[in-house]
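The values are calculated or read from the model by the stated rules, or taken from the named source; none is laboratory data. Treat the numbers as computed from the prediction; the structure is a model and nothing was measured. Positions of Cβ are generated from backbone atoms using ideal geometry, with glycine treated the same way; all protein chains shown enter the neighbour counts.
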Amino acid sequence: MSDPHERRRAALRTALRDRGLDALLIGDLRNLRYLTGFTGSNGALLVHADGDDRTVFCTDGRYKEQAAKQVRGLEHLIERASALALAARAATAGLRAIGFESQHVTVDGLDTLTAAAAGVDLVRAAHLVETLRLVKDDTEVEALRQACAIADSALAELIADGGLRPGRTERDVALDLDRRMLAHGAVAPAFDTIVATGPNSAIPHHQPTDAVLRTGDFVKLDFGAQLHGYHSDMTRTLALGDPADWQQEIYDLVAAAQSAGTTALTPGTEVRAVDAAARQVIEDAGRGEQFVHGLGHGVGLQIHEAPSLAKTGEGRLSAGMAVTVEPGVYVSGLGGVRIEDTLVVRDAQPELLTQTTKQLMVV
Ligand code: ZN
Ligand code: ZN
């Protein structure tokens, strides 16, 4: 079984049998992509517990040819209302209990689904695929590796070409960075690129404006590339001109916290303990109040996915999880620093995917 999608469907079937479900109806497009490789904007999948022989994929006419190439080894149905068509199929096939992704179905959607699946017991089965997605397989890690390498290359090139010179605006820099990621093969930026200079760097999720980069500023860049559906996520904060003492101090502090968080990334560790390891470093320096967000998040087919490395996070790390470690210290009105890597949890030490230096870069 060399096809990763086939392997993932086999893993999902184990979860279905454990729950006594005949099948699971997948309507979420990311989960659909994970299980089939389909990249269109409309489709659904009825994963049968017995095997791929009885599993049915559905999309509409626009994607018929694309689906024939992307989705192999499954029966294809062509219907606009794909999930409803599969629910009706489950009813005519005499299935007793089918699970549905209750976290993705609206209240109204459940009404129409129930009507379509007359006689079938619809069972809430949230997060079954998301649970599988927590631990990345080799195909996924390779996509993440490549997406991170694109971001590394784009930033290195931006700096080498003098793209972070005083006088440019945040928007100029954001467009430049995006263009370079696309030129290096990204399908799209992973999310809206953040460029925040001077006092704006103290705003964690600042949106780029016409503010001009000035000597003496911190400039904070949070960006990533999307490739094969996977997202990279990296933040670097640079100094424009020689850093002042306060800048060096908070930079070193955030770098120490980031290192502590990374060291804590080991299989079996509670996610909240990873957050605590980094947070403690910042609290010990008396700046706990200035670290206003969680330490990190899972990353994969979504830019933010489970697990959440935060005070309120639940669960433990496992080998193969892809996460960010991104502490920050934000001094309102003055400036802030965030340093973020994307990493994969491994048995020995985590695999670092974003490889741009974490030494304070002065441009
Ligand atoms: Zn980020
Ligand atoms: Zn992030």
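Things worth noting here:
- The stretch 197-235 - residue that is of a type in the set (Gly, Ala, Ser) and in contact (Cβ under 8 Å) with a residue 60 or more places away in the chain and, of those, nearest to ligand 1 (Cβ to nearest atom): 224
- Only one of 211, 196, 183 that is more than 16 Å from ligand 2 (Cβ to nearest atom) and either aromatic (Phe, Trp, Tyr) or touching an Asp or Glu at 6+ places or on another chain (Cβ under 8 Å) (or both): 211
- Hey, residue 322 under 30 Å from residue 39 (Cα atoms), assigned by TED's automatic domain parsing to the domain that holds residue 176 and buried (at least 23 other Cβ atoms within 10 Å of the Cβ) or not: yes
- Residue count, the stretch 176-194 (criterion: away from ligand 1 (no atom under 11 Å from the Cβ) and part of a loop (DSSP other than H, G, I, E, B)): 4
- Condition check for residue 65: of a type outside the set (A, V, I, L, M, F, W, C) and touching an Asp or Glu at 6+ places or on another chain (Cβ under 9 Å): no
- Which listed residue, of 280, 248, is farther than 30 Å from residue 38 by Cα, assigned to a helix (DSSP H, G or I) and either touching a strand residue (DSSP E or B) at 6+ places or on another chain (Cβ under 6 Å) or without any contact (Cβ under 8 Å) to a residue 24 or more places away in the chain (or both): 280
- Restricting the first member to the stretch 302-321 and to residues that are at negative phi, and the second to residues that are among the aromatic types (Phe, Trp, Tyr) and in a loop (DSSP other than H, G, I, E, B), the beta-carbon pairs closer than 6 Å and six or more apart or on different chains are 303/191.
- Test for residue 312: is it part of a loop (DSSP other than H, G, I, E, B) and either surrounded by 23 or more Cβ atoms within 10 Å (Cβ to Cβ) or among the β-branched types (Val, Ile, Thr) (or both): yes
- Positions within the stretch 96-118 being crowded, with 17+ Cβ neighbours inside 10 Å and in a helix (DSSP H, G or I), in sequence order: 113, 116
- Selection from the stretch 201-226 of residues that are under 21 Å from residue 362 (Cβ atoms) and not in a loop (DSSP other than H, G, I, E, B): 201, 202, 212, 218, 219, 220, 221, 222, 223
- Complete set of residues in the stretch 276-306 that are under 24 Å from residue 348 (Cα atoms), away from ligand 1 (no atom under 16 Å from the Cβ) and out of contact with any Asp or Glu (no Cβ under 7 Å at 6 or more places or on another chain): 276, 277, 279, 280, 281
- When residues in the stretch 223-240 are screened for being touching a Pro at 6+ places or on another chain (Cβ under 8 Å) and more than 16 Å from ligand 2 (Cβ to nearest atom), 1 of them pass.
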